Amino acid sequence: MSLLMISENVKLAREYALLGNYDSAMVYYQGVLDQMNKYLYSVKDTYLQQKWQQVWQEINVEAKHVKDIMKTLESFKLDSTPLKAAQHELPASEGEVWSLPVPVERRVTVQVQLSEFTVHPHTVFTMTEGKLFVVGKRKNRIKEERK
């Protein structure tokens, strides 16, 4: 156990926490706190021991913040109840009632040879009420194809 190893593990714990990998961050924080405890018992100088205790407390506070974040995220996962507004139907006022949309005629561009006349590439067919209407390119009026 070296001071360099403690320093590197603190950096890794902080980096994982910043990246949102809180489980890995906690593993490193716990390892660092354990390493620092062992180091504290080996230090004979009281001044150094006090400084390391302060550092240990600061790292411990960081670890607690990460634990709090993890608890908050876990509470979001567990709280799967729908919003109360979605559970209750709101009374509709007169202006809030919507009617169904009006069906739109479908138009398709095709090239077809009919018996009466030749349909050009940009001829439009319209289907209304089960009847096929053809709009010819040369004529502006609608012709009904008989089945």
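The values are calculated or read from the model by the stated rules, or taken from the named source; none is laboratory data. Bear in mind that the values here come from a model prediction, so they are computed numbers and not experimental data. We place every Cβ from the backbone using ideal geometry, glycine too, and count neighbours over all the protein chains shown. Just the protein is used for accessible areas: all its heavy atoms, side chains included, with ligands, DNA and RNA removed. Shrake-Rupley method; radii C 1.70, N 1.55, O 1.52, S 1.80 Å.
Points worth noting:
- Rounded percent of accessible protein surface that carbon and sulfur make up, segment 10-75, 1.4 Å probe: 55
- Environment charge of K67, counting only residues whose C-beta is closer than 13 Å and scoring Lys/Arg +1, Asp/Glu -1: -2
- Cα shape, segment 1-72, gyration tensor, a/c 1.5 rule: prolate
- Here the spin labels are modelled as points 7 Å beyond Cα on the Cα-Cβ line, and at L73 and V61 they lie 2.3 nm apart.
- Per-pair calculated FRET efficiency, R0 = 35 Å: K51 and V27 via Cβ, rounded to 0.05: 0.85
- Once the 1.4 Å probe is applied to the protein heavy atoms, segment 3-79 comes out at 72 Å² accessible per residue.
- Farthest positive-ward along segment 17-79 dipole, Cα basis, beta-carbon charges - from Y29, S75, L18: Y29
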